[in-house]
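Asks: Supplied in structure tokens, the structure appears directly below.
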Amino acid sequence: MPQTLPETPTPVTSFDADLVVVGAGIVGLAHAALALNSGLRVIVIDRDHEAVGASVRNFGHACITAQSGELYEMAQVSRRHWLTMASRAGFWLAESGAVVVARTATELAVMEELSATREPGQVVLLDAAETATRIGRPDADGIHGGAWLRDDLRVDPRTTVAKLAAWVAEHERGSVRWNTAALGFEAKNDGGAVTIRTSRGILRARQSVVCVGHDIDYLWPELAAEHQIERCSLQMALAAAPAGLDLAPAVLTATSMLRYPAFTDMPSAARLRDEVLASSPELLDIVANVMCTQRPDGTVIVGDSHAYSLAVAPFLEEDVSRVLIQEQVDLLARELTITQRWQGVYASSAVGPYLVREVEPGVTVVSVTSGVGMTLSFGLAERTLGAFVPALQLSV
């Protein structure tokens, strides 16, 4: 039974909420949580019955340390909010960092260069034995060294968004309305109200933030075309809990360093790409990021590949999965029993790592377009809210 609209708190306003958020993925919920923490009344709507998109199909890895420039600053803000909201909403979070495994001298050189640019203790260089111990390997065969990225966080992607949505729904000023699609928007009227037409009726708010990820083209196709937004599809898998494996950090590899800007900014990054191309061209062919994380129940998320298109074919390529899984077997030096396979999809753009655009007075579209929504979500939300409510003081 759909929820009824909350009663208007005073007779002088016709607003259903101060903020209506469209989309109950991590980016939308980050906006909702920070708005609630700032004293606003918030309604979140989502077309699905629960979160089933990119926010539940990923590694649960907030890759804070490997960002650079503006994204690094935003990621650090996001990290602070992640810690606060884990405590408030009660979801599992581990300040376990990430370990990058070096299997060649070139890979280690990139890590050494990054470590030299950061404050002491943020990128900690490891020898081969230390690296093997941190990733639960019985030996260090084939490992040259590694690095521990201190500031990275991990959450369980299967449960985090649901718990955060429940926290919003249970908040005295919050509401989450599932199975409610946004159909259209009308700009602020003379009374300052934005009108949101939904599949369950009209909502009016002081502001609306639309966080629908790669589906921007369903509502504003011209904006999606202007920002060159494509759908990036990933092949991922879940392995049954390996006996005796207790993997605290996220585990990254050379292909991870080819994707994250803090590493690609380093002098040896070009040499690393050439090395991977020469030794493992199949990984570049599928645009691989060979990495894994272990969930609280012991199961291991492994992946992933990347393919880019405007529309995503639903078919998984077994050859791609086979390459990714074998890489994980070699990395962890143990056999894996795969129990699930799935396709992730997120927004990607060559124009920029995120999109924030006021499309109508009072209606702002927000999307992370670089595959790091878990990393940037709260930092981007703080910036967005602060931009359209200049007096807003975020209280977390």
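The values are calculated or read from the model by the stated rules, or taken from the named source; none is laboratory data. This one's a predicted model, so the numbers in the text were calculated from it and none came from an experiment. A quick note on method: Cβ atoms are made from the backbone with ideal geometry, for glycine too, and the neighbour counts reach across all protein chains shown.
Asks: Sort out which residues of the stretch 93-116 are more than 25 Å from His81 (Cβ to Cβ) and not hydrophobic (A, V, I, L, M, F, W, C), and write them in order of number.
Replies: Arg103, Thr104, Thr106, Glu107, Glu112, Glu113, Ser115
Quick grid of which residues meet (1) closer than 26 Å to Phe91 by Cα; (2) surrounded by fewer than 21 Cβ atoms within 10 Å (Cβ to Cβ):
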{"residue": "Asp152", "(1), (2)": "yes, no"}
{"residue": "Gly174", "(1), (2)": "yes, no"}
{"residue": "Val209", "(1), (2)": "yes, no"}
{"residue": "Asp215", "(1), (2)": "no, yes"}
{"residue": "Glu226", "(1), (2)": "no, yes"}
{"residue": "Ala240", "(1), (2)": "yes, yes"}
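Asks: Filter the stretch 367-396 for residues that are modelled with pLDDT of 90 or more and β-branched (Val, Ile, Thr); which is farthest from the chain's Cα centre (by Cα)?
Replies: Taking the stretch 367-396 as the starting set, the residues that turn out to be modelled with pLDDT of 90 or more are 367-386.
Keeping just the survivors that are β-branched (Val, Ile, Thr) gives 368-369, 372, 375, 384.
Numbers: Val368: 8, Thr369: 10, Val372: 4, Thr375: 5, Thr384: 17 Å.
Ranking the qualifying residues of the stretch 367-396, first place goes to Thr384.
Asks: Restricting to the stretch 97-135, count the residues that are within 21 Å of Ala243 (Cα to Cα) and surrounded by fewer than 19 Cβ atoms within 10 Å (Cβ to Cβ).
Replies: Qualifying residue count, the stretch 97-135: 3.
Asks: Looking only at the stretch 280-303, count how many residues are out of contact with any Ser or Thr (no Cβ under 6 Å at 6 or more places or on another chain), of a type in the set (Gly, Ala, Ser) and either touching a residue at least 60 places away in the same chain (Cβ under 8 Å) or crowded, with 21+ Cβ neighbours inside 10 Å (or both).
Replies: Residues in the stretch 280-303 being out of contact with any Ser or Thr (no Cβ under 6 Å at 6 or more places or on another chain), of a type in the set (Gly, Ala, Ser) and either touching a residue at least 60 places away in the same chain (Cβ under 8 Å) or crowded, with 21+ Cβ neighbours inside 10 Å (or both): 1 in total.
Asks: I would also like to ask the following. Which residue pairs have Cβ atoms closer than 7 Å, lie 6 or more positions apart in sequence or on different chains, and pair a first residue in the stretch 119-140 that is assigned to a loop (DSSP other than H, G, I, E, B) with a second residue that is loosely packed, with under 14 Cβ neighbours inside 10 Å?
Replies: Sorted first by the residue in the stretch 119-140, then by its partner, the pairs are Gly136/Asp246; Ala140/Ala129.
Asks: Could you identify the single residue in Leu83, Leu71 that is in a helix (DSSP H, G or I), surrounded by 21 or more Cβ atoms within 10 Å (Cβ to Cβ) and either out of contact with any Asp or Glu (no Cβ under 8 Å at 6 or more places or on another chain) or in contact (Cβ under 8 Å) with a residue 12 or more places away in the chain (or both)?
Replies: Values: Leu83 fails: surrounded by 21 or more Cβ atoms within 10 Å (Cβ to Cβ).
Only one candidate passes the filter, namely Leu71.
Asks: Here is a follow-up. Kindly indicate whether any position in the stretch 223-241 is within 20 Å of the chain's Cα centre (by Cα) and in a helix (DSSP H, G or I).
Replies: First, pick out the residues of the stretch 223-241 that are within 20 Å of the chain's Cα centre (by Cα): 224, 227-238.
With the extra rule that they be in a helix (DSSP H, G or I), the set shrinks to 224.
Checked the stretch 223-241: at least one residue is within 20 Å of the chain's Cα centre (by Cα) and in a helix (DSSP H, G or I).
Asks: Only one of Ser321, Ser367, Ser377, Ser305 is assigned to a loop (DSSP other than H, G, I, E, B) and among the polar types (S, T, N, Q); which?
Replies: Working: Ser321 fails: assigned to a loop (DSSP other than H, G, I, E, B); Ser367 fails: assigned to a loop (DSSP other than H, G, I, E, B); Ser377 fails: assigned to a loop (DSSP other than H, G, I, E, B).
Answer to the check: Ser305.
Asks: Scan Gly23, Gly28, Gly39 and give me the residue that is on the phi > 0 side of the Ramachandran plot and either at pLDDT 95 or above or of a type in the set (Val, Ile, Thr) (or both). Working first, answer last.
Replies: Values: Gly28 fails: on the phi > 0 side of the Ramachandran plot; Gly39 fails: either at pLDDT 95 or above or of a type in the set (Val, Ile, Thr) (or both).
The unique qualifying residue is Gly23.
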